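Accompanying notes for the structure given below.
The values are calculated or read from the model by the stated rules, or taken from the named source; none is laboratory data. This is a predicted model, so every value here is computed, not measured. Cβ: placed from backbone, ideal geometry, glycine included. Neighbour counts: every protein chain shown.
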Amino acid sequence: MRKSHNKFKGTGVAIVTPFKKSGAIDFDAYEQILNFTIQGGANFIVALGTTGEAATMSKLEKKTLIEFSVRIINNRVPLVIGVGGNNTSDVVLTIHGTPFKGVDGLLSVCPYYSKPQQEGIYQHFMTIAKASPVPVILYTVPGRTSSNISSATTLRLANDCENIIGIKEASGNFDQVYQVIKNRPKDFLVLSGDDSLTLPLIAAGADGVISVTANAFPEEFSQMVKLSLAGDFKSARAIHYKLIDFTNSLFIDGSPAGIKAALQIKNLCSNYLRLPLVPANPEIYKLIEKLVLQLQK
């Protein structure tokens with residue numbers, strides 16, 4: 001049995017990193033969002049991911065944010081941190097320099113820009129898994145990386161390394177996900193990386209999600225996932241369709257621009273991003289505001 005197999009089932013929240021106008025991390029707002037999502041029913045937190053704008057953060061900021069997250073979460077739910085890149089040796093050095101006390105898992109994105117062969121992707125993740133003191137969750141998101149972890153490579157990694165415990169699947173390729181679910185070891189997790197596809201993927205056998213939407217509506221999204229995992233798809237569908245327009249609106253101007261707009265509307269954090277990302281344009285902001293207010297009625 002893989003380590004911590006059941007820790008990461010259900011709803012994980014790809015938590016945002018709030019910033020002040022000065023560009024500094026807003027730790028007060030970050031604490032508020034952590035508490036809001038955990039109290040709303042999140043099963044685990046994912047920090048320093050795409051939604052957390054980790055790509056624009058310094059190593060010191062990342063270290064500080066990890067230690068702060070551990071302290072605020074205080075073992076209420078598991079914590080996963082994002083550590084990835086397209087330079088395998090540098091990722092290993094980063095892992096060796098990361099404070100893992102209180103951290104339960106590592107999410108690592110498929111190497112980007114270099115567009116490696118599948119054998120290179122396999123060796124990259126085997127090297128990371130060997131270096132990591134905590135279980136590793138693969139992350140494939142070709143829309144951002146221009147590279148993809150094929151189903152064959154995912155299954156090879158799942159069978160060859162017990163420290164690789166699952167995958168966040170954001171390829172949008174149902175056939176690819178089906179092959180992983182059909183042929184995976186029984187203790188290998190498949191998590192949706194697309195909020196709008198979570199319900200159908202769970203219906204196909206997936207184990208949960210790492211969600212953006214749940215930053216703003218953790219109670220509703222977590223309940224939808226919980227119902228889906230219990231096989232009550234009639235009730236889950238009602239929540240899915242209640243949230244779907246809001247979920248889709250979050251990605252019109254890219255993420256995390258959409259979710260930060262929603263969190264500002266809900267008075268959870270300010271609407272600041274780090275360049276090259278900028279806030280959602282006024283038209284999209286108004287749409288998100290309208291949908292948030294409808295959901296809060």
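Numbers at a glance
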quantity: Residue within segment 42-52 that is free of Cβ contacts under 8 Å to residues at least 12 places away in the same chain and not basic (Lys, Arg) present; calculated: no
quantity: Filter result for Thr64 (modelled with pLDDT of 95 or more, closer than 28 Å to Ser171 by Cβ, part of a helix (DSSP H, G or I) and not hydrophobic (A, V, I, L, M, F, W, C)); calculated: no
quantity: Which numbered condition Ser235 misses (of (1) closer than 16 Å to Thr50 by Cα; (2) among the hydroxyl-bearing types (Ser, Thr, Tyr); (3) surrounded by fewer than 18 Cβ atoms within 10 Å (Cβ to Cβ)); calculated: (1)
quantity: Residue selected from segment 140-172 under the condition in contact (Cβ under 8 Å) with a residue 60 or more places away in the chain and either farther than 16 Å from Pro185 by Cα or basic (Lys, Arg) (or both), by the criterion surrounded by the most Cβ atoms within 10 Å (Cβ to Cβ); calculated: Lys168
quantity: Filtered residues of segment 250-265 (kept if within 18 Å of the chain's Cα centre (by Cα) and among the polar types (S, T, N, Q)); calculated: Ser255
quantity: Filter pass, Leu268 being surrounded by fewer than 16 Cβ atoms within 10 Å (Cβ to Cβ) and in contact with a helix residue (DSSP H, G or I) (Cβ under 8 Å, 6 or more places away or on another chain); calculated: no
quantity: Criterion (at pLDDT 95 or above, in contact with a Leu (Cβ under 9 Å, 6 or more places away or on another chain) and either among the basic types (Lys, Arg) or surrounded by 21 or more Cβ atoms within 10 Å (Cβ to Cβ) (or both)) met by exactly one of Phe44, Phe27; calculated: Phe44
quantity: Qualifying residue in segment 123-134 (condition: closer than 26 Å to Leu189 by Cα, over 18 Å from the mean Cα position of the chain (by Cα) and among the charged types (D, E, K, R)); calculated: yes
quantity: Residue among Leu227, Leu268, Leu263, Leu273 that alone is farther than 17 Å from Ala14 by Cα and at pLDDT 95 or above; calculated: Leu227
quantity: Which numbered condition Ser114 fails, given (1) part of a helix (DSSP H, G or I); (2) more than 15 Å from the chain's Cα centre (by Cα); calculated: (1)
quantity: Yes/no for Ile72 being part of a helix (DSSP H, G or I), aliphatic (A, V, I, L, M), touching a residue at least 40 places away in the same chain (Cβ under 8 Å) and crowded, with 21+ Cβ neighbours inside 10 Å; calculated: no
quantity: Qualifying residue in segment 228-243 (condition: among the hydrophobic types (A, V, I, L, M, F, W, C) and within 28 Å of Arg156 (Cα to Cα)); calculated: yes
quantity: Residue in segment 127-135 that is at pLDDT 95 or above, part of a helix (DSSP H, G or I), within 13 Å of Ser108 (Cβ to Cβ) and not aliphatic (A, V, I, L, M) present; calculated: yes
quantity: One residue from Glu61, Glu31 being touching a residue at least 40 places away in the same chain (Cβ under 8 Å) and over 21 Å from Pro135 (Cβ atoms); calculated: Glu31
quantity: Any hit, segment 94-105, residues being within 18 Å of the chain's Cα centre (by Cα) and hydroxyl-bearing (Ser, Thr, Tyr); calculated: no
quantity: Of all residues in segment 271-297 being of a type in the set (Val, Ile, Thr) and under 15 Å from Phe217 (Cβ atoms), the one that is surrounded by the most Cβ atoms within 10 Å (Cβ to Cβ); calculated: Ile288
quantity: Among (1) modelled with pLDDT of 95 or more; (2) closer than 30 Å to Tyr241 by Cα, the one test that Gly143 misses; calculated: (1)
quantity: Residue check for Val91: out of contact with any strand residue (DSSP E or B) (no Cβ under 6 Å at 6 or more places or on another chain), β-branched (Val, Ile, Thr) and buried (at least 20 other Cβ atoms within 10 Å of the Cβ); calculated: yes
